[in-house]
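Encoded as structure tokens, the structure appears first; notes follow it.
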Amino acid sequence: MTTMSVRIPDHIAEGLKTAADDLHISVNAAVVQAIEQWQAAQGHRRRVDTALADILGEDAALLERLSDA
């Protein structure tokens, strides 16, 4: 396990502490969950971007014909 120090603006730290308390988890657990969710969202974004690029590349002629219709 890696230990990290992160500078967080006071207002975000306060909100993080409040949210963690509300969920009955530690601030560390809340941060880990947030990072996991961010990583999952980034992976999803990459997959969507790749799929869109594939569609635009493979179907460029069809999309051009549809725009003329």
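The values are calculated or read from the model by the stated rules, or taken from the named source; none is laboratory data. As the structure is a prediction and not an experimental result, all values here were calculated from the model. FYI the Cβ positions are ideal-geometry reconstructions off the backbone, even for glycines, and counts take in every protein chain you see. Calculation scope for accessible area: heavy atoms of the full protein, side chains included, ligands and nucleic acids excluded. Shrake-Rupley method; radii C 1.70, N 1.55, O 1.52, S 1.80 Å.
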Taking the criterion of being touching a helix residue (DSSP H, G or I) at 6+ places or on another chain (Cβ under 9 Å), surrounded by 10 or more Cβ atoms within 10 Å (Cβ to Cβ) and assigned to a helix (DSSP H, G or I), would at least one residue in segment 1-8 satisfy it? no
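Here's the yes/no breakdown for (1) under 23 Å from residue 1 (Cβ atoms); (2) at pLDDT 95 or above; (3) surrounded by 12 or more Cβ atoms within 10 Å (Cβ to Cβ); (4) charged (D, E, K, R):
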{"site": "24", "(1), (2), (3), (4)": "yes, yes, no, no"}
{"site": "47", "(1), (2), (3), (4)": "no, no, no, yes"}
{"site": "60", "(1), (2), (3), (4)": "no, no, no, no"}
{"site": "65", "(1), (2), (3), (4)": "no, no, no, yes"}
Checking 40, 30, 53 in turn, the sole residue that is assigned to a helix (DSSP H, G or I), in contact (Cβ under 8 Å) with a residue 12 or more places away in the chain, out of contact with any His (no Cβ under 8 Å at 6 or more places or on another chain) and not charged (D, E, K, R) turns out to be 30
Of all residues in segment 9-18 being open to solvent by less than 80 Å² (accessible area, probe 1.4 Å) and among the aliphatic types (A, V, I, L, M), which is nearest to the chain's Cα centre (by Cα)? 16
I'd like to verify a number: residues in segment 14-27 that are of a type in the set (Gly, Ala, Ser) and either in contact (Cβ under 8 Å) with a residue 12 or more places away in the chain or not in a helix (DSSP H, G or I) (or both), how many? 1
